[in-house]
Amino acid sequence: MGDEKVKNEALEIMGLFQVLPRLVVFDLDYTLWPFYCECRSKREMPSLYPHAKGILFALKDKGIDIAIASRSPTVDIAKTFLDKLGIKPMFVSQEIFSSWTHKTEHFQRINQRTGVPYNSMLFFDDEDRNIESVSKMGVTSILVGNGVNLGALRQGLTEFSQTSGSSGRKTQK
């Protein structure tokens with residue numbers, strides 16, 4: 001499925017929900033792309049998971065900000081790959097640093113940088129421990145098994161709208 005087709009399908013999925021997140025945060029390794037940065041060279045040409053780029057463009061088209069929360073120890077490689085993929089300018093916040101806090105520090109910085117409250121964020125990651133710790137902050141967090149895809153997006157938006165609904169905001173059933 002091409003980027004444009006994925007983007008259109010993602011926009012269709014988003015159209016099913018009255019309440020959308022203000023910010024969607026992505027991990028990098030095994031969430032947006034199928035590898036660990038530290039196992040790669042800056043000279044390589046990276047690739048994203050098949051649905052990733054279309055989903056990123058759909059979110060931007062819908063006016064939803066996107067950010068990165070990555071614990072990669074090789075910040076230079078991660079940023080070089082984002083550049084090579086032509087997606088680096090899309091992110092309002094790029095929190096890429098090694099940490100033992102399971103991304104709570106990343107989210108504190110994203111919150112300070114963007115002013116978006118945790119309960120208005122949606123997060124995709126491939127590690128349980130990150131999902132657990134960030135969920136406790138009030139962020140709707142989705143564990144991805146094989147990269148972010150349209151199914152994960154639908155699941156994330158469904159869970160986000162259910163949590164938003166419980167805080168008194170109107171959601172579509």
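For region 9-33, the set of residues classified as farther than 13 Å from Asn149 by Cα and open to solvent by 70 Å² or more (accessible area, probe 1.4 Å) consists of Glu12, Leu16, Gln18, Arg22, listed by residue number. Figure legend. Inter-residue proximity from region 5-19: first residues of a type in the set (Phe, Trp, Tyr), second residues open to solvent by 80 Å² or more (accessible area, probe 1.4 Å), beta-carbon distance below 8 Å, spacing 6+ or different chains. Indicated pairs: Phe17/Gln172.
Listed here are the residues, each with its yes/no results for (1) in a loop (DSSP other than H, G, I, E, B); (2) of a type outside the set (A, V, I, L, M); (3) out of contact with any Lys or Arg (no Cβ under 9 Å at 6 or more places or on another chain).
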| site | (1), (2), (3) |
| --- | --- |
| Lys5 | no, yes, yes |
| Ala10 | no, no, no |
| Phe17 | yes, yes, yes |
| Val24 | no, no, yes |
| Leu48 | yes, no, yes |
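Going by what's in this entry, would Gly147 be described as assigned to a loop (DSSP other than H, G, I, E, B), modelled with pLDDT of 95 or more and either exposed (fewer than 15 other Cβ atoms within 10 Å of the Cβ) or not aliphatic (A, V, I, L, M) (or both)? Considered against the rule, which asks whether it is assigned to a loop (DSSP other than H, G, I, E, B), modelled with pLDDT of 95 or more and either exposed (fewer than 15 other Cβ atoms within 10 Å of the Cβ) or not aliphatic (A, V, I, L, M) (or both), Gly147 comes out as yes. For region 1-45, the set of residues classified as more than 18 Å from Lys79 (Cβ to Cβ) and small (Gly, Ala, Ser) consists of Gly2, Ala10, Gly15, listed by residue number. Identify all residues within region 50-75 that are part of a helix (DSSP H, G or I), open to solvent by 60 Å² or more (accessible area, probe 1.4 Å) and either under 22 Å from Glu127 (Cβ atoms) or of a type in the set (Lys, Arg) (or both); write none if there are none. Scanning region 50-75 gives a single hit, Lys60. Within region 91-115, being in a helix (DSSP H, G or I) and open to solvent by less than 20 Å² (accessible area, probe 1.4 Å) holds for His106, Phe107, Ile110.
Could you grab me the full set of residues in region 1-49 that are modelled with pLDDT under 95, among the hydrophobic types (A, V, I, L, M, F, W, C) and closer than 18 Å to Lys103 by Cα? Residue satisfying the conditions is Cys37 alone.
The values are calculated or read from the model by the stated rules, or taken from the named source; none is laboratory data. Keep in mind the model is a prediction, meaning the values are calculated, not measured. Ideal geometry is used to build each Cβ from the backbone, glycine not excepted, and the neighbour counts take in all protein chains shown. Note: accessible area is taken over every heavy atom of the protein model, side chains too, but ligands, DNA and RNA are not part of it. Shrake-Rupley method; radii C 1.70, N 1.55, O 1.52, S 1.80 Å.
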